[in-house]
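The values are calculated or read from the model by the stated rules, or taken from the named source; none is laboratory data. Values in this document were obtained by computation on a predicted structure and should not be read as measured data. Here Cβ is always computed from backbone atoms with ideal geometry, including for glycine, and neighbour counts include all displayed protein chains.
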Amino acid sequence: CLTRHYEFNIQMKNVTRLCHTRSIVTVNGKFPGPPIVAREGDRLLIKVNNHVSNNITIHWHGIRQLRSGWADGPAYITQCPIQTGQSYVYNFTITGQRGTLWWHAHFSWLRSTVYGPIIIHPTQNVPYPFEKPHKEVPIIFGEWFNTDTEAIISQALQTGGGPNVSDAYTINGLPGLLYNCSSKDTFKLKVKPGKTYLLRIINAALNDELFFSIANHTLTTVDVDAIYVKPFQTNTILIAPGQTSNVLLKTKPNFPKAKFLMMARPYATGSGTFDNSTVTGLLEYESPKLLHHSVKKLPLLKPSLPALNDTTFATKFSNKLRSLASPQFPANVPKKVDKHFFFTVGLGTNPCDKNQTCQGPNGTKFAASINNVSFVQPTTALLQAHFSGQSTGVYKANFPFSPSHWFNFTGTTPPNNTMVNNDTRIMVLPFNASVELVMQDTSILGTESHPLHLHGFNFFVVGQGFGNYDPNNDPKNFNLVDPVERNTVGVPPGGWVAIRFFADNPGVWFMHCHLEVHTSWGLKMAWLVLDGKLPNQKLLPPPSDLPKC
Ligand code: C2O
């Protein structure tokens, strides 16, 4: 195993898309940002130097961060932000993970431009449990805004309405030929006939789950969130913000007389506004015989994608995801549960501030909550407050196990009172507790799929369903044999999902909806996992360069 050094200079860069030039926050002037490439077992030292006027932190999405919570990155949860002119070295080891993950800014909406892939190869001489690919290609979905996303979100939070939607989706930073001024800004994947390509797919979009398909080609899903799955073939994949997936693309045996579009557009179940446009890339076969101008003339084939609200497809797709559960890659699913939790996730409202005209429902502000607690970001980092024993005034360790009042969560008559409670409350877990968490979507202000992301852990998705969760009957159908293991899961619209995990990682761990608008509205909370008794079950001490608030 190696120690790998990276330097991330946070700097402004002029970038033009859709004929709009914006000065955006980048890492090393790159958009999307540079890849981190490592092997399972490697240690990473990534020095982040902040040269812009915004505060920033970087999160290594999906990295377990065993005992190294100081390097996890969410602002005011595990660290204070890196201020202008300051530096911080993220120091962590990749343990028991291989596949594709990603990194992104974890401060306000800066992740709209500050993101990139994390590529983790298996340990030396350990093969993939599938055919060795000819080539590996990252495919990162993002969103492009013609105006500054920091201004968009702060205006939305003040006036209480929904923020503006993006102006385009992107593949590797490029909107593709269906958008204005973008025919040159189209991602091209050049392939050879009869080969296998490994696409490392990342959804870095701010606010949309996406369907993705390539015309006349089948994809084989082999991994999600850096965990191998039982391979299955599909024309279309569904990927939520925060999720990653490795898929194999087998090219046609002979040179085909066509070019093929790859396309992504949203799976959008909410009633709010969303960008319903389509991003495209090109799959082109390289032929030594065809001249450049005759390649240009080849017909262009389009894939067909599911409808925007195709929850039937979404359900079928997620039911196909199964972990390998093999002797080499066992599924360590908690069979007995020490701690049961039932969390409602959904929208709600906050009163309008004096002297404001609010654009949310009935003159209120939009909010979102878990068990009706809308998380208030503290002004100092939770992990530091916990470690130094100074939690008073920072957080309360009394997050509710279940909703304070029960109602027909997914019924057509939601409660009259849609107001949320604003507070900084966290849930404490003893070391190594086995946890079952059921997350129930509510129909308050409409049902919607919420991709919930848990920092510091992978979890097993043991069950899901529609309507209200039934604690007496639904557990009978839980899959404890080969459930998919991941770090971000979609709570079905008007439904529920059940996950299990062992709380084997001491520290403070953020959990939130990975739709950035819902995070901003308060759909987030934190778990505090206490130290275990043995020396190797304790959170490591903070590094000396940890930023101060
Ligand atoms: Cu990908 Cu808390 O984030």
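Every test in (1) surrounded by fewer than 21 Cβ atoms within 10 Å (Cβ to Cβ); (2) within 25 Å of Gln377 (Cβ to Cβ) is passed by Lys524 save one, and that test is (1).
Among the residues in segment 156-166, are any assigned to a strand (DSSP E or B) and assigned by TED's automatic domain parsing to the domain that holds Gly281? So far as segment 156-166 goes, no, none of its residues is assigned to a strand (DSSP E or B) and assigned by TED's automatic domain parsing to the domain that holds Gly281. Look at (1) touching a Phe, Trp or Tyr at 6+ places or on another chain (Cβ under 7 Å); (2) modelled with pLDDT under 95 and you find that Ala368 fails only one, number (2). Within segment 220-235, identify whether any single residue is in contact with a His (Cβ under 9 Å, 6 or more places away or on another chain) and within 30 Å of Asn362 (Cα to Cα), and answer yes or no. No, the conditions are met nowhere in segment 220-235. Taking the conditions (1) of a type outside the set (Val, Ile, Thr); (2) assigned by TED's automatic domain parsing to the domain that holds Phe211; (3) surrounded by fewer than 13 Cβ atoms within 10 Å (Cβ to Cβ) in turn, Pro330 satisfies each one other than (2).
Do the conditions hold for Gly411, that is, is it touching an Asp or Glu at 6+ places or on another chain (Cβ under 8 Å), closer than 25 Å to Gly465 by Cβ and not aliphatic (A, V, I, L, M)? Judged against the criteria, Gly411 is not a match. Only one of the listed residues (Thr170, Thr186, Thr196) is touching a residue at least 40 places away in the same chain (Cβ under 8 Å) and out of contact with any Leu (no Cβ under 9 Å at 6 or more places or on another chain). That residue is Thr170.
Filter segment 99-119 down to the residues that are surrounded by fewer than 23 Cβ atoms within 10 Å (Cβ to Cβ) and more than 14 Å from the ligand (Cβ to nearest atom) and list them by number. Answer for segment 99-119, where residues must be surrounded by fewer than 23 Cβ atoms within 10 Å (Cβ to Cβ) and more than 14 Å from the ligand (Cβ to nearest atom): just Ile119.
For every residue, the table says whether it meets (1) exposed (fewer than 12 other Cβ atoms within 10 Å of the Cβ); (2) at negative phi; (3) among the aromatic types (Phe, Trp, Tyr); (4) in a loop (DSSP other than H, G, I, E, B).
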{"site": "Lys336", "(1), (2), (3), (4)": "yes, yes, no, yes"}
{"site": "Ser374", "(1), (2), (3), (4)": "no, yes, no, no"}
{"site": "Leu383", "(1), (2), (3), (4)": "no, yes, no, no"}
{"site": "His386", "(1), (2), (3), (4)": "no, yes, no, no"}
{"site": "Gln390", "(1), (2), (3), (4)": "yes, yes, no, yes"}
{"site": "Gly393", "(1), (2), (3), (4)": "yes, no, no, yes"}
{"site": "Phe399", "(1), (2), (3), (4)": "no, yes, yes, yes"}
{"site": "Ser404", "(1), (2), (3), (4)": "yes, yes, no, yes"}
{"site": "Thr412", "(1), (2), (3), (4)": "yes, yes, no, yes"}
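Under 6 Å between Cβ atoms, which residue pairs at least 6 apart in sequence (or on different chains) link something in segment 103-117 that is without any contact (Cβ under 8 Å) to a residue 24 or more places away in the chain and assigned by TED's automatic domain parsing to the domain that holds Val37 with a partner that is β-branched (Val, Ile, Thr) and within 12 Å of the ligand (Cβ to nearest atom)? Qualifying pairs under 6 Å: none. Given the criteria in the same structural domain as Ser277 (by TED's automatic domain parsing) and in contact with a Cys (Cβ under 8 Å, 6 or more places away or on another chain), does Thr147 qualify? Taking the combined requirement at face value, the residue does not satisfy it. The set of residues in segment 494-549 being within 19 Å of Gly446 (Cβ to Cβ), within 16 Å of the ligand (Cβ to nearest atom) and not in a strand (DSSP E or B) consists of His514, Leu515, Glu516, Val517, His518, Thr519, Ser520, Trp521, Gly522, Leu523.
The residue of segment 30-66 that is nearest to the ligand (Cβ to nearest atom), among those that are touching a Lys or Arg at 6+ places or on another chain (Cβ under 7 Å) and part of a loop (DSSP other than H, G, I, E, B), is Phe31.
Of all the residues in segment 207-254, those that are away from the ligand (no atom under 15 Å from the Cβ) and not in a strand (DSSP E or B) number 9.
Could you tell me whether segment 34-52 includes any residue that is within 30 Å of Arg425 (Cβ to Cβ) and not aliphatic (A, V, I, L, M)? No, segment 34-52 has no match at all. Anything in segment 67-91 that is among the β-branched types (Val, Ile, Thr) and within 15 Å of the ligand (Cβ to nearest atom)? List them, or say none. Selection gives Ile77, Thr78. When each of Val126, Val114 is tested for being on the phi < 0 side of the Ramachandran plot, hydrophobic (A, V, I, L, M, F, W, C) and more than 24 Å from the chain's Cα centre (by Cα), the lone residue that passes is Val126. Can you tell me how many residues within segment 76-102 are without any contact (Cβ under 8 Å) to a residue 40 or more places away in the chain and among the hydroxyl-bearing types (Ser, Thr, Tyr)? Total meeting the criteria: 1. Out of all the residues in segment 476-485, is one or more within 16 Å of the ligand (Cβ to nearest atom), farther than 30 Å from Asn350 by Cα and in a strand (DSSP E or B)? Within segment 476-485, not a single residue is within 16 Å of the ligand (Cβ to nearest atom), farther than 30 Å from Asn350 by Cα and in a strand (DSSP E or B). Restricting segment 120-135 to residues that are closer than 17 Å to Phe329 by Cβ and part of a strand (DSSP E or B) leaves a set whose member that is nearest to the ligand (Cβ to nearest atom) is Ile120. Scanning segment 255-310 for residues that are among the aliphatic types (A, V, I, L, M) and not in a strand (DSSP E or B) yields a count of 9. The requirement of being touching a His at 6+ places or on another chain (Cβ under 9 Å), more than 20 Å from Pro138 (Cα to Cα) and modelled with pLDDT of 95 or more is not satisfied by Lys195.
The residues in segment 218-247 that are over 25 Å from Ser326 (Cα atoms) and either surrounded by fewer than 20 Cβ atoms within 10 Å (Cβ to Cβ) or of a type in the set (S, T, N, Q) (or both) can be counted, and the count is 3.
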